[in-house]
Structures are given as C-alpha cells and as structure tokens.
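Participant: Below you'll find the structure I mean.
What follows draws every value from the coordinates through simple rules; no lab data is involved. Owing to the predicted nature of the structure, the values given are computational and were not obtained by experimental measurement. Quick reminder, even Gly has a Cβ in these numbers, built from the backbone with ideal geometry, and neighbours come from all protein chains shown.
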Amino acid sequence: MSRRTRSLRPEDAELWHRVARSVTPLHPVRPTFMPDEMSERPKKPASRPTPVEPFRIGGTTPMTRSHVLVPALADQLANPPVQMDKKTFDRMSRGKLLPEARIDLHGMTLGQAHPALNRFVIETHAAGRRLVLVITGKGRRGDDFGPIPQRHGILKHQVPQWLMMPPLGPLVLQVAEAHLKHGGTGAYYVYLRRQK
C-alpha cells in the first residue's frame, strides 16, 4: 500500500510559519549554496607544488647546529649559580688556586672511570681537601656518517652529571671548567664541601 502525501491547507501553513518565526532554533541553520551561488564565490588561486630536491642514493645531509638538542656543556657550566664564596670562585676560575689533588680519567671507559671518580672524590673529601682537578680529556672527534649526531668526549659530558648525583652530590659544592693552565675544556675544577 502506497503512502499518501497530504498537503497543508493555507490556514494551517500560515499558522505553522507564525510559530516557526517565534521559535529560536536549537542548532543554527547552515547556509546552503545553490550551484549558481557557488559559481559567484571567488575561487582560490591554484597553488603550485614546491619543487623537490633531486635525490641521490647514499647522500646524507651535513650535520648543522639545528641537530644539537642540548646546549653545549660549556654553556651549561658557564652560568651556574655560584654556591661557594664569590671571591674564591673568581680566583679558582682564573687559575689562581692550585688544586690539592688530581685524577686523570683520560683514556678510561665509562665502566672504569665512574668507580675511580667515586673513590677519588670520597677519599679526598675524607682527607679534608677542598679543590681537586678531574681531567677527562676533550674527546676525540670521529667520523660522523649517520643521520643521528654522535657526541664526542663522553667522559667530558658524563663526569659533571656523576658529580651531582649520589654518592658524590652531597660532597660537591661547585663544578667549573678548569683554567687553560690546568687543562682548559678537558678538565674540571671540583670544589668540595667542608667536612662536618
């Protein structure tokens, strides 16, 4: 059985339009564009595709500064808050204070250097010494062939972190790059706290 469509009488249609005008819609009505209205709208200019660099097999992009994710260690150590006496810190950074003891980690692996550094700092602190010199070396720059940048001088980057972590953290007051006459960027001054 087919369904019969019924049209509204004129007085019903008028009543419906009056009610519809007095009501605020729950959802705003979206404008509908008719095909002739769409042709009147301004057209977007056609965008040209950006040219693509030619591809070479085996070619890599040279490493730039944008690949460096962390600031350089010298920048991190250059502006730390000074924990020790300012006058002593200035003398130490100018190389005027002589280190009371030194350890050379140059050429050691991480597994050898970490326990040696721990033992050295704990023993020198127990002996009442304040300024020690830790030599790490600058690190050897090897060839960097991959897309992931390789950091050279792993001991140079690892030693300051070891000095801030337990068991050495509570013993160390200040870490700074050594003056040129004591090793420059390949060594650190470690100023130890007083014994309690």
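Participant: Quick one: net charge of Thr185's neighbours, Cβ under 9 Å, K/R +1, D/E -1?
Facilitator: +1
Participant: Next up: Could you work out the relative contact order of the stretch 85-196? I mean the mean sequence separation of Cα pairs under 8 Å and 6+ apart, divided by the number of residues, in percent.
Facilitator: Computed value for the stretch 85-196: 32 percent relative contact order.
Participant: So for each of 175-185, 88-98 I average, over its residues, the number of other beta carbons within 10 Å; can you give me the resulting order with the highest mean first?
Facilitator: So the peptides 175-185, 88-98, ranked by packing, come out 175-185, 88-98.
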